[in-house]
Amino acid sequence: MSNTLSPAASAGLESLAVGGDALVGMATLGKTAAALALVIAIILVCTALLRRWGLQKRAAGGHLQVIGSAALGSRERVVIVEVEGTWLVLGVGGGQVNKLHELAAPVRPVEEASHSPHEGERFAARFARALKQNAGLGGPGRGDS
């Protein structure tokens, strides 16, 4: 027996090698697309977190705060903004912003401890305290003796 292959067998092996190269190329392309999708997902998640935490306002110094807004039409709005202790009532529409009125910002009430001891407390702290109370781990307001 000889170690040479027939021309048909060698052509079949070459086509398998070319097909194998195509599969490797497709696998590489798939890995690249998956990595790109992962990077885009990370960017979108980071953007959503930054918007939720309001870091844009802190970066700008926090001098401007939107108090309220109301739509008057499909493109027209009335917006109340606070700038350094002054409220501005602005008309926004048609590519223009017009000052409609200006007034001193009302004094925000200082939270007093006389109303409730937990009034200014963050939700996470109140929730943790409630879980402890319900689990029987003690804390004020339990009612057990």
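Bear in mind that the values in this text are calculations on the coordinates, not laboratory data. No experiment lies behind these values; they were computed from the predicted model shown.
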Inset, instruction - State, in angstrom, two size descriptors of the stretch 63-104 derived from its alpha carbons: Rg to one decimal place and Dmax to the nearest whole number. - result: 10.2, 30
Inset, instruction - Let me have the relative contact order for the stretch 63-104, percent, based on Cα pairs under 8 Å that are six or more residues apart. - result: 30
Inset, instruction - Enumerate the amide H contacts of residue 105 below 5 Å, restricted to partners 5 or more residues apart or on another chain; note that Pro and chain-start residues carry no placed amide H. - result: 86, 87
